[in-house]
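Computed from the coordinates by the stated procedures, all read-outs in this text should not be read as laboratory data. On a predicted model such as this, the values are computed, not experimentally measured, just so you know. Positions of Cβ are backbone-derived with ideal geometry, glycine not excepted, and every protein chain shown enters the neighbour counts.
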Number of protein chains: 2
Amino acid sequence: MKDGPNIALLGSLIGDPARANMLTALTSGKALTASELAGEAGITLQTASSHLAKLEAGALVHRRKQGRHHYFCLADEEVASVIETMMGFAAKHGALRTRTGPKDPALRKARVCYNHLAGEYGVRMFDSLCAQGYVKGSAKTLGLTGAGQEFLAEMGIDLQALATPRRPLCKSCLDWSARRSHMAGTLGTALLAQILTLKWAIRQPDSRAITFSRTGEKRFFEHFPV
Amino acid sequence: MKDGPNIALLGSLIGDPARANMLTALTSGKALTASELAGEAGITLQTASSHLAKLEAGALVHRRKQGRHHYFCLADEEVASVIETMMGFAAKHGALRTRTGPKDPALRKARVCYNHLAGEYGVRMFDSLCAQGYVKGSAKTLGLTGAGQEFLAEMGIDLQALATPRRPLCKSCLDWSARRSHMAGTLGTALLAQILTLKWAIRQPDSRAITFSRTGEKRFFEHFPV
DNA sequence: TTCATAGTTCGATGTTAACCGAAGCATTAT
DNA sequence: ATAATGCTTCGGTTAACATCGAACTATGAA
């Protein structure tokens, strides 16, 4: 018989400050080396190695060896979803202890969540896609409509290339700042990529923040009205 | 160090097996007393009190005093959402991990939960009652069928005596082993009492463990096939 | 009042796990 | 080859915390 819910195990993995810092650093979607993650968490390399082994065993992160470097990233979007959901709760209740640096407003506005767009803009995009009838269905059964396919093609997104059997095309992800859903899945990834390709916005280095240009913001609002 | 977002704190709260068991028990939505939660987690009341104080301080549960009872429930929907998300992930990556402290294997097998049978045997009994069509309905509307009444009478349980207006006759109780229910309510109480009366099993003194005799186990399996 | 039940608090104990120094691999550079 | 870098593993120490017994508070019942 199974023991208590493995949710305890998952919780304890996230429950360590060092590991939590690593995981939040990885929500940027970038692959980071063990040394970089050790720096993020403020611990030595040996300790980080131990933590990363545990995170890997717990299927929270994925390791990719390249030469003498070990690159880590979040295992999948579900992990990102768990982290985001927890950050949502933590941000709401721990308002006292959350350091509100200058970065925060920008992050709330638009940021990378794993590999798709989150924040106010992410929520707006998701809502707009729903309101215009481009995507339909509930959280579980989210699908693209005919009009949606047309819309995306017009935006320059190649839907054929997105047809992976493994990852779902459409998926919603709960946002921590807005407590609303935003678009994840391969479509979410493709949309963010296209936004960056079209130079509507650029990604800030060393941050999860996404900053829109004047004209880029205008285009974005045109494409995704509320 | 920058103590990261309180996601670590949240994780560590959920990360303890006892607390995780309590939280999953509360996902049923029902308000449970400290004693009931202690029984579910397989710990003493003192320990449970300590855990519940921490969960309350962390805004994960809400306490409502009523007379000499303290009723606990999840603080809000967001907490339930966090738990659900984590359970979703944990379920997918099944039992691939070493979990901490089985505490007492005997407790896992069969134990008293408040006043009814829990553990493997409790789950089996509940499943069997459902499979044989003796009880029907969902978690909210759980009722005894005609065949069920007959079955219980044959076991020597006096249904008339159980007709209390105060407590529900049938009630399911979420087990440690997340997601599986066992029989609670007055019927659950009566069933355990009868098992002890028939000497199928005895209750260990100073413990919540229930130990079945060889023949008692046989009878139990006959009455409650899977 | 006296007793019983439900829960909290305190103190002591035992287990766990995070942490880092040092040594051991593995890969790349010189 | 030899050195240097990136990471892992081993060992021992330290700090945190889950656990339970015992004592205490509070509400309800006899």
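Across peptide B:79-92, what mean number of C-beta atoms from other chains lies inside 10 Å of a residue's C-beta? Each step should come with its number before you reach the end.
Values: counts 2, 0, 6, 9, 4, 2, 10, 11, 4, 4, 12, 10, 3, 4.
Neighbouring Cβ atoms belonging to other protein chains average 6 per residue here.
Using per-residue counts of other Cβ atoms within 10 Å, averaged over each peptide, order B:42-50, A:78-86 from highest down. Write out the running numbers ahead of the final one.
On the way: B:42-50: 16.2, A:78-86: 23.6.
Final packing ranking: A:78-86, B:42-50.
With everything on Cα atoms, drop me the angle between helix A:77-93 and the longest principal axis of chain A, reported from 0 to 90° to the nearest 10.
Approximately 80 degrees, to the nearest 10.
Once you've got the GNM for chain A with C-alpha springs shorter than 10 Å, pick whichever of A:L192, A:L13, A:L37 has the biggest mean-square fluctuation.
A:L13
Give, as a single signed number, the net charge of other residues whose beta carbon lies under 12 Å from the beta carbon of B:R19, with Lys and Arg counted +1 and Asp and Glu -1.
Values: positive: B:K54; negative: B:D16, B:E40, B:E56.
Local charge sum for B:R19: -2.
Report, in degrees rounded to the nearest 10, the 0 to 90 angle that the Cα long axis of helix A:146-155 makes with the longest principal axis of chain A.
80
Once you put a point 7 Å from the Cα of B:R64 and another 7 Å from the Cα of A:L162, both along the Cβ direction, what distance in nm separates them?
The answer from the label model is 4.5 nm.
When only Cα pairs under 8 Å and 6 or more residues apart are kept, what is the percent relative contact order across segment A:7-75?
Working: 81 pairs, mean separation 22.9, N = 69.
This gives 33 percent for segment A:7-75.
Need one word for segment B:185-225: rounded, prolate or oblate. Basis is the Cα gyration tensor (sqrt eigenvalues a ≥ b ≥ c); a/c below 1.5 gives rounded, then a/b vs b/c decides. Provide the component values of the computation, followed by the final result.
Details: a/c = 2.07, a/b = 1.10, b/c = 1.88.
Oblate.
Largest first and in whole Å, what are the equivalent-ellipsoid semi-axes of segment A:7-75 based on the Cα gyration tensor, each being the root of 5 times an eigenvalue?
Each semi-axis is √(5λ); the values are 17, 13, 11 Å.
Can you compute the equivalent ellipsoid semi-axes for chain A, i.e. the square root of 5 times each eigenvalue of the Cα gyration tensor, sorted largest first and rounded to whole Å? Numbers along the way, then the final one.
Working: eigenvalues 189, 78, 65 Å².
Square roots of five times the eigenvalues give 31, 20, 18 Å.
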